[in-house]
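The values are calculated or read from the model by the stated rules, or taken from the named source; none is laboratory data. If you're wondering where the values come from, they're calculated on a predicted model, not measured in any experiment. For neighbour counting, all protein chains shown are included, and Cβ atoms are generated from backbone atoms with ideal geometry for every residue, glycine included. The accessibility values were calculated without ligands, DNA or RNA, using every heavy atom of the protein model including side chains. Shrake-Rupley method; radii C 1.70, N 1.55, O 1.52, S 1.80 Å.
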Amino acid sequence: MSDKLKINQFIDLLKEYNETTNIYSKSSYDVLDYHVKDSQNLASLLSEHGIHVDLGSGSGLPAIILAILTKSKIICVESKQKK
């Protein structure tokens, strides 16, 4: 599966889960593409074999995008169990 397809699948899952659990503001959907592109830019700066931690990972941005686009180990930390 291509990276683009994986990212689109993640966005679809995010929106689906967001219908029952507010992890990403629906009013922010119009800037979701910006957040994804911002995460893609960040991925180009990471060490390919490093370990990176996303504290307060909430909706999974940028962590999920980074995990898709790099070979780095990405650790998500979120204090709210619903997220």
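Highest mean packing comes first when the peptides 60-68, 6-14 are listed by Cβ atoms within 10 Å, giving 60-68, 6-14.
Before rounding to the nearest 500, sum -39500 (n - 2.57) across all DSSP H runs of length at least 4 in the chain and divide by the residue total; then give [θ] at 222 nm in deg cm²/dmol. Intermediate values should be presented prior to the final figure.
Values: 3 runs with 35 residues, N = 83.
Result for the chain: -13000 deg cm²/dmol, rounded to the nearest 500.
In this Cβ point-charge picture (+1 for Lys and Arg, -1 for Asp and Glu), the chain has a dipole of about 180 debye about its Cα centre. Once the gyration tensor of the Cα atoms in the chain is diagonalised, the equivalent ellipsoid follows with semi-axes of 21, 15, 11 Å, ordered largest first.
With angles folded into 0 to 90 degrees, how steeply does helix 3-18 sit against the dominant principal axis of the chain? Use alpha carbons for both and round to 10. With both axes taken from Cα atoms, the answer is about 30 degrees. With protein chains left intact and a 1.4 Å probe, residues in the chain average 67 Å² of accessible area per residue.
So which of 6/26; 6/80; 37/82; 6/71; 4/73; 37/80 end up more than 23 Å apart by C-alpha? Table pairs above 23 Å Cα-Cα are 6/80; 37/82; 37/80.
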